[in-house]
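To start, the structure itself, in structure tokens.
The values are calculated or read from the model by the stated rules, or taken from the named source; none is laboratory data. Computed from a predicted model, the values in this text were never measured in an experiment. Note: ideal-geometry Cβ built from the backbone for every residue, glycine included; neighbour counts use all protein chains shown. With ligands, DNA and RNA removed, areas are computed over all heavy atoms of the protein, side chains included. Shrake-Rupley method; radii C 1.70, N 1.55, O 1.52, S 1.80 Å.
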Amino acid sequence: MSQTIPQTTVTLDHPVDFARWRSATRALVGQHVPPGDIAWHVAPSGTPDTPAPAQAAPPFRIPRETMQMAADVLQSMLPDRFTLAYHLIYAHVTGTAMPPPDLARIEDAADTVRAETAHLRHDLFTLMQRGDGQEAWHATMAATTYAPESNARFMTFQLSLAPWRLALPGRRMEWTGEKLLYRQDDATPAPIAFGSLPPPAMPLVTDLDIPRITALPAVALAARTCRICPMARHATQTVFGEGRSDARMMFVGEQPGDKEDRAGRPFVGPAGQLFDRALLEAGIERDDTYVTNTVKHFKFRPRGTRRIHEKAGPEEIANCAPWLAAERRIIRPHVLVMLGATAASALLGRHVTIGRERSRAITLEDGATGVVTVHPSFLLRVPDDAARAREYDRFVADLKLAASLRAPVAP
């Protein structure tokens, strides 16, 4: 019986080159190229390969669960893992069925990858060692899958962006503090892009021990991968806080708005512009502060072409609480200004009425001083010009009070 001779060769840069596999798969599946017509090879970057069909393919969508299953298979060490993963996508797009034995192999491989992912994450701080005075973490792991590679980003965030080295059977990974290096056997280490690796078998933040992260940039980068609550699936991006990591003043609002969601920065919309103006009048330089929100994604309802703000609920506030707690723990501000009832209630742990709490110093559990005031968006909603001017002056007075509570800068 004659065998099918592959007509297309796809060359990948490394054993878990998910980015090039996915790109080639989309092109080839779009042309209904059968799995048996493709040969997958791993070779250094720059090795020529047979181009995918040039004809325009009709668009198609792959369910997230199906693509994740393919990514899990690619993290196994099955010799035909690229073909199996491709066949999974091909079967979905063409409406054909995979042979049951192949499906069983896919499921078994994915289970093994998930188990090794869970083991690595759970035992990371037992596995990784760092002696006194040593900057780099290091470990040796007898991995049976490529799950460690897919969890390189997880390890980098969990170890607070500090350098680390991981020796694996026949290969080695190293995060230098600036780039990820990878080598097989005795080859020369070469940079490898985090984005080329398959997504880990479990969401990155699922097992992340956020209280153990000590670097604010690591927390910010991790937060940008968070998809825990439904808001994250509809918003454009995570809007993390910004400002000085040693700021003496920290401002916390409710959530990003439409402009912030698009820009990826807090307080840059109309309310943010009013906030900046009030800060200057209060004698506060925004560059000397840290500004963030209780909730890191924009919650809205569509109305035609517009996106109308909706108030964050208890579940969303609870889901985002670890990120806000990490910001506060790492920055350790002297003064914490709560802009609006949502921020005040979340940070004080009780229902807050602005009229009862504003314009006074509140001693917080960590020793910082809290000040409650209105959210600047409230000022934009005051319809009467005279009333708006009075409320604005009162807001500036609250900011001046907060500024007066700052500890003096050490000489």
Residue 293 long-range amide H proximity, modeled H, under 5 Å: 241, 253
Could you rank the peptides 332-340, 180-188 by their average count of other C-beta atoms within 10 Å per residue, with the highest value first? 332-340, 180-188
Take the solvent-accessible surface of the protein heavy atoms, probe 1.4 Å, and return the percent of it on the chain that carbon and sulfur atoms account for. 52 percent
From the square roots a ≥ b ≥ c of the eigenvalues of the alpha-carbon gyration tensor of the range 126-200, which class results: rounded (a/c under 1.5), prolate (a/b over b/c), or oblate? rounded
For Cα extents along the principal axes in Å, several values are listed as (1) 65, 60, 51; (2) 89, 59, 35; (3) 57, 47, 37; flag the one computed from this structure. (2)
Most fluctuating of 195, 304, 170 in the GNM of the chain (C-alpha, under 10 Å) is 304
Quick check: pseudo-label points 7 Å beyond the Cα along Cα→Cβ at residue 351 and residue 23, how many nm apart are they? 5.6 nm
When the helices in the chain are scored as -39500 (n - 2.57) per DSSP H run of 4 or longer and the sum is shared across all residues, what 222 nm value do you end up with, to the nearest 500 deg cm²/dmol? -11500 deg cm²/dmol
Burial ranking of peptide ranges 313-323, 123-133 (average Cβ count within 10 Å, highest at the top): 313-323, 123-133
Neighbours of residue 360 by Cβ distance under 14 Å: Lys/Arg at +1, Asp/Glu at -1, summed charge +2
Find the all-direction average of the projected area of the Cα convex hull for the range 139-179, expressing the result in square nanometres with one decimal place. 2.7 nm²
Quick one: compute a quarter of the convex hull surface over the Cα atoms of the range 260-369 and quote it in nm². 8.0 nm²
Return the Rg/Rh ratio of the range 233-291 with Cα-based radii and a Kirkwood Rh. 0.98
Only bridges whose two residues both fall in the chain count here: according to DSSP, what percent of them are antiparallel, nearest 5? 50 percent
Write out the trypsin sites (Lys or Arg not before Pro) in the range 322-411 meeting two conditions: DSSP loop, and at most 10 other Cβ atoms within 10 Å of their Cβ. 350
What number comes out for accessible area per residue over the chain if the probe is 1.4 Å? Units Å², please. 49 Å²
